[in-house]
Amino acid sequence: MKKKVINKFDRLVEKLLEEFSKIPNFNLFQTDKIGNHVFIIIAYRLAEIATFKDLVCNQFIPATNKAIHESKTDIQNSRYKSILRIDEIDFQETFYETIRLAYVGLFHKVGNYVNEMIKLPELNMGELYETDGTIVKLAKEI
């Protein structure tokens with residue numbers, strides 16, 4: 001019998017549910033409109049980060065390595081290899097640039113996650129307290 005492969009998003013949500021279920025009365029959190037919204041935000045942002053990681057590790061880096069290999073092969077087989085004089089570091093720089101771009105992308109994804117988390121106190125407490133600003137601003141003033 002063939003083992004069914006679990007969808008990576010299903011696995012992520014199941015892991016989140018498993019961890020969140022350790023919170024006392026989490027079932028109340030799930031039935032609450034705001035609580036459910038918080039869970040969806042967290043699940044979405046973590047899925048976004050996980051998807052980006054998969055994209056970098058399974059697509060960008062292998063494609064970069066393949067392009068480097070093809071370039072090395074083309075130069076070795078070039079009629080003009082004696083005048084091209086390309087050092088190994090030139091090839092590695094392509095790999096390093098891909099890694100730097102991945103870090104920038106990850107920084108952007110994590111920044112979006114952090115910004116969403118900063119908004120959560122306002123979402124949760126906004127109905128209870130009326131202020132001239134956000135809960136975060138109020139906390140900074142206190």
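The values are calculated or read from the model by the stated rules, or taken from the named source; none is laboratory data. From a predicted model like this one, the values you see are computed outputs, not experimental measurements. Backbone-built Cβ (ideal geometry, glycine too); neighbour counts: all protein chains shown.
Got a sec? Which helices (runs of 4 or more DSSP H) wholly within the range 1-76 have at least 2 residues that are closer than 22 Å to Gln92 by Cα and hydroxyl-bearing (Ser, Thr, Tyr)?
Here the list reads 61-76.
Restricting attention to the range 79-116, report how many residues are at pLDDT 85 or above and part of a helix (DSSP H, G or I).
25
Please specify each residue of the range 32-85 satisfying the condition of being over 18 Å from Lys15 (Cβ atoms) and of a type in the set (Phe, Trp, Tyr).
Phe60, Tyr80
Does the range 130-142 contain at least one residue that is more than 23 Å from Ile42 (Cβ to Cβ), aliphatic (A, V, I, L, M), surrounded by fewer than 13 Cβ atoms within 10 Å (Cβ to Cβ) and modelled with pLDDT under 95?
yes
Output yes when any residue across the range 101-108 is of a type in the set (Phe, Trp, Tyr), touching a residue at least 12 places away in the same chain (Cβ under 8 Å) and out of contact with any Cys (no Cβ under 8 Å at 6 or more places or on another chain), and no when none is. Break it down into steps so the answer makes sense when it comes.
Our first condition is that a residue be of a type in the set (Phe, Trp, Tyr); within the range 101-108, this holds for 103, 107.
Applying the additional criterion that residues be touching a residue at least 12 places away in the same chain (Cβ under 8 Å) yields none.
No, that holds for no residue.
If you take the residues in the range 19-74 that are surrounded by 12 or more Cβ atoms within 10 Å (Cβ to Cβ), of a type in the set (S, T, N, Q) and modelled with pLDDT of 90 or more, which one is farthest from Arg100 (Cα to Cα)?
The extreme case among them is Thr51.
Output the residue which, of all residues in the range 1-18 that are within 15 Å of Ala47 (Cβ to Cβ) and among the acidic types (Asp, Glu), is surrounded by the most Cβ atoms within 10 Å (Cβ to Cβ).
Top of the filtered list is Glu14.
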